[in-house]
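Structure record follows, encoded as structure tokens.
Bear in mind these aren't lab numbers, they're just calculated from the coordinates by the rules spelled out. Quick caveat: nothing in here was measured; it's all calculated off a predicted structure. Glycine gets a Cβ as well: all are built from the backbone with ideal geometry, and neighbour counts include every protein chain shown.
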């Protein structure tokens with residue numbers, strides 16, 4: 001079906017909540033952004049300073065899945081043969097996203113004991129890592145689509161990142177005197193995304209701001225984790241406020257709005 005807008009995208013959303021739980025569990029456990037990837041490390045500083053459509057959460061989702069399956073197929077390779085549920089789920093993901101892969105086939109003896117070796121499992125995984133990377137890219141948008149609505153999780157995510165702020169490669173002249181990210185103009189596309197996500201309501205008190213959309217200013221959009229607490233200029237760190245609530249919110253806390261509009 002032809003899409004009517006560049007802001008529309010066909011999503012599969014099949015078994016995606018299991019993938020979301022992998023990412024959510026990592027965030028709740030306090031696992032920070034993975035700094036082992038040099039390309040992403042070199043870009044993280046810039047992405048923290050400036051709003052970008054490839055958000056810090058997009059990067060995190062990718063690395064959370066890399067770490068999860070690296071652990072599964074490398075560190076836990078001796079148990080892979082017994083985890084039929086995980087293997088069936090993973091195979092269905094490759095099928096759903098139309099990724100051609102010669103999926104591993106676990107072989108058993110007449111007593112139904114696995115004869116596929118750890119060495120064979122690790123070899124298969126290493127050979128197919130590019131296919132896994134393709135899977136991570138395809139599922140990334142869908143996981144983000146779901147997690148971006150959870151402001152409590154976004155608060156935890158940004159707080160985790162702030163604890164590793166000193167690892168970022170950022171020139172001192174691009175930071176505030178305190179050493180934090182400087183405030184920058186929030187792009188229109190970010191404001192539109194936040195208005196859509198928060199259903200046009202103040203995330204704190206729930207007042208309907210839809211009638212005021214043409215009069216909303218930058219003061220109606222603010223950081224979940226304040227810049228003064230090493231928050232980032234990232235779409236995942238912005239929420240919608242009415243003028244009254246934004247004036248009440250202190251820049252010394254990372255409180256997030258808990259008001260959501262339900263379906264019925």
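Which FRET efficiency, nearest 0.05, do residue 28 and residue 248 yield, Cβ-Cβ r, R0 35 Å? Spell out each step's value before the answer.
Details: r = 28 Å, r/R0 = 0.80.
The computed FRET efficiency comes out at 0.80.
The reciprocal of the average 1/r between distinct C-alpha atoms defines the Kirkwood hydrodynamic radius, which for region 1-147 equals 17.1 Å.
Beyond 15 Å, the tail of the calculated P(r) for region 176-264 holds 57 percent of the Cα pairs. Extension gain for residue 137 to residue 43 (0.36 nm times residue separation, less C-alpha to C-alpha distance): 32.1 nm.
Using only the Cα atoms of region 115-222, build the gyration tensor, take square roots of its eigenvalues as a ≥ b ≥ c, and label the shape rounded, prolate or oblate: rounded if a/c is under 1.5, else prolate if a/b is larger than b/c, else oblate. Please list the in-between numbers first.
Details: a/c = 3.01, a/b = 1.68, b/c = 1.80.
Cα axes put region 115-222 in the oblate bin.
Reported to the nearest whole Å, the Cα centre-to-centre distance from region 106-148 to region 44-69 is 22.
Comparing 69, 112, 230 in a Gaussian network model of the chain where C-alpha atoms under 10 Å apart are linked, the largest mean-square fluctuation is found at 112. Taking every Cα-Cα distance in region 221-264 and sorting them into 10 Å bins from zero, the calculated P(r) comes out as 27, 53, 17, 3 percent.
Length gained on full extension, residue 96 to residue 113: 3.2 nm, using 0.36 nm per residue less the C-alpha separation. Among 143, 181, 80, the largest mean-square fluctuation in a Gaussian network model of the chain (Cα springs under 10 Å) belongs to 80.
For the pair residue 76 and residue 192, the difference between a 0.36 nm per residue extended length and the Cα-Cα distance amounts to 37.4 nm.
Evaluated at q = 0.08, 0.11 Å⁻¹, a Debye calculation over the C-alpha positions of the chain (equal weights, vacuum) places log10 I(q)/I(0) at -0.40, -0.70.
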